[in-house]
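Written out below as structure tokens is the structure these notes cover.
We did not get these values from a lab; they are worked out from the coordinates using the rules stated. Bear in mind that the values here come from a model prediction, so they are computed numbers and not experimental data. For neighbour counting, all protein chains shown are included, and Cβ atoms are generated from backbone atoms with ideal geometry for every residue, glycine included.
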Ligand SMILES: Cc1cc2nc3c(=O)[nH]c(=O)nc-3n(C[C@H](O)[C@H](O)[C@H](O)COP(=O)(O)OP(=O)(O)OC[C@H]3O[C@@H](n4cnc5c(N)ncnc54)[C@H](O)[C@@H]3O)c2cc1C
């Protein structure tokens, strides 16, 4: 039986789009390749789902480094406050945490998925488990979706298949291919919010070490600081990861041409003078001890051999033998461990896919394709991406709603 509208992809954007179109009285089918909807939502915010950011729409745009202007209208209509009211209206109480991050009060991402699922059911949205492979058109208009298990005639389609990150959740880039087959340009996909690789062997030596409250600076090849923030960082076998690094990576957008260096200040609360006074105090109290033992009081155990290497001060050097110059070297290392970044981890390990359907070929108000009638886009599939803080889901909700409304209006126009 023909459905009026088929939404491909039961993630955040697709579910929102299907709900909004069904609320306008349209007959909607949601096609999802996985048995369960919202698999990616399930792992967001470490399973707690940072559902949006409690801020003004302008702030969402300021946190969207790529194509934020395209989102201007959608974000003005679907503000973070609208999203919060939407979910509380569905019976999910929310709370606001540090950095205006909004989470379900229960700390369970599954509450968000369940709320969306029950709303879809209430609105009689038909949920079909199948993987869409292509879109069929006649005279420049969408007529059907071809899936692995069957063909689905329809009058309009919303493509909301996500990016290509974390492919185990179902987002493998099928939508990019389907859009490209119909003449859309796909801007090359790149990882964003991604761990970083380094050829500095000491990262691997400190594998598993998590540092809290350190200051991370990212410098480009000219030595200009392009990002700096305080927070949590993790050493891994390949380089560095953790919240601070993921956020930093979103600012490192040109690995082909640039050379990035990360500089870690282990003691951001102490300026050089205060840190030097601290070192002197520590040294005076342990004047006859070996350097490596005293270092253990200043940095985590796993770091001791690394710092010794970087300062080139021998492990068994007695503190009373340490020169002023050596103490200065130690201070400089504590205030600035340099890590040479060779590139990002592969896109499958990125939180976000940068790149996707070229936004110039999409109407920013309705998310309609400018190339094919009856085709709409929503979510991470589009060439927009934001920093951490709930902004990426906010983009999925806002573009999903715009596409749902746009498709519903299109169907009304077709009837006229
Ligand atoms: C580990 C992790 C943590 C994150 N945490 C947060 C967070 O806390 N806050 C935040 O704002 N953002 C977070 N993000 C980003 C956020 O999850 C995404 O930006 C958002 O889910 C994108 O939604 P989407 O609907 O566009 O795509 P997706 O959520 O990827 O959904 C796409 C859906 O389409 C389906 N699909 C794909 N191809 C087909 C096909 N051919 N046929 C049928 N179905 C198909 C997929 O199975 C999938 O269900 C996180 C991402 C990751 C990976």
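Observations on the structure shown:
- Rounded to 5, percent antiparallel among DSSP beta bridges of the stretch 1-108: 60
- Maximal additional length on extending the residue 58-residue 318 stretch stands at 87.9 nm, based on 0.36 nm per residue less the C-alpha distance.
- Counted residue by residue at 0.36 nm each, then reduced by the alpha carbon distance between them, the extension gain from residue 110 to residue 34 reaches 25.8 nm.
- Our summary of shape: the Cα atoms of the stretch 1-47 have principal axis extents of 38, 20, 10 Å, ordered from largest down, in whole angstrom.
- Within a Gaussian network of the chain (alpha carbon springs, distance under 10 Å), most fluctuating of 205, 84, 380: 205
- This ranking places 110, 247, 241 by how few other beta-carbon atoms lie within 10 Å of each, fewest first, which gives 110, 247, 241.
- In the chain, the longest principal axis of the Cα atoms and the axis of helix 109-122 are about 0 degrees apart.
- Contact order, relative form, for the chain: 25 percent (alpha carbon pairs under 8 Å, 6 or more residues apart, mean separation divided by residue count).
- Simple label model, 7 Å out from Cα along Cβ direction - residue 293 to residue 81, nm: 6.3
- Distance from the stretch 91-132 to the stretch 345-416 (C-alpha centre basis), Å: 19
- Principal-axis analysis of the Cα atoms of the chain puts helix 324-335 at an angle of about 10° to the longest axis.
- Comparing 313, 347, 158 in a Gaussian network model of the chain (Cα springs below 10 Å), the most mobile by mean-square fluctuation is 313.
- Sorted ascending by nearby beta carbons within 10 Å, beginning with the fewest, 367, 16 become 16, 367.
- The relative contact order of the stretch 93-211, computed from alpha carbon pairs under 8 Å that lie at least 6 residues apart in sequence, is 11 percent.
- Ranking of 221, 289, 141 by count of other Cβ atoms within 10 Å, fewest first: 221, 141, 289
- Residues listed by number, the stretch 13-29, amide nitrogen under 17 Å from residue 124 label point at 7 Å toward C-beta: 18-29
- Distance from the C-alpha centroid of the stretch 5-55 to that of the stretch 245-321: 46 Å, rounded to the whole angstrom.
- Shown is the FRET efficiency for residue 2 and residue 201, computed with R0 = 60 Å from the Cβ-Cβ distance and rounded to the nearest 0.05: 0.45.
- Cut-off 19 Å, label 7 Å out along Cα→Cβ of residue 181, residues of the stretch 152-173 by amide N: 152-164, 170-173
- Gyration tensor over the Cα atoms of the chain: the corresponding equivalent ellipsoid has semi-axes (square roots of 5 times the eigenvalues, largest first) of 50, 20, 17 Å.
- Computed helical MRE - 222 nm, the chain, DSSP H runs ≥ 4 contributing -39500 (n - 2.57), nearest 500: -9500 deg cm²/dmol
- Note on the chain: with a GNM built from Cα contacts shorter than 10 Å, the maximum mean-square fluctuation among 406, 45, 89 falls on 89.
- The stretch 271-416: relative contact order as a whole-number percent, Cα under 8 Å and 6+ apart: 16
- Stretch gain in nm, segment residue 46-residue 168, where the contour uses 0.36 nm per residue and the Cα spacing is subtracted: 42.3 nm
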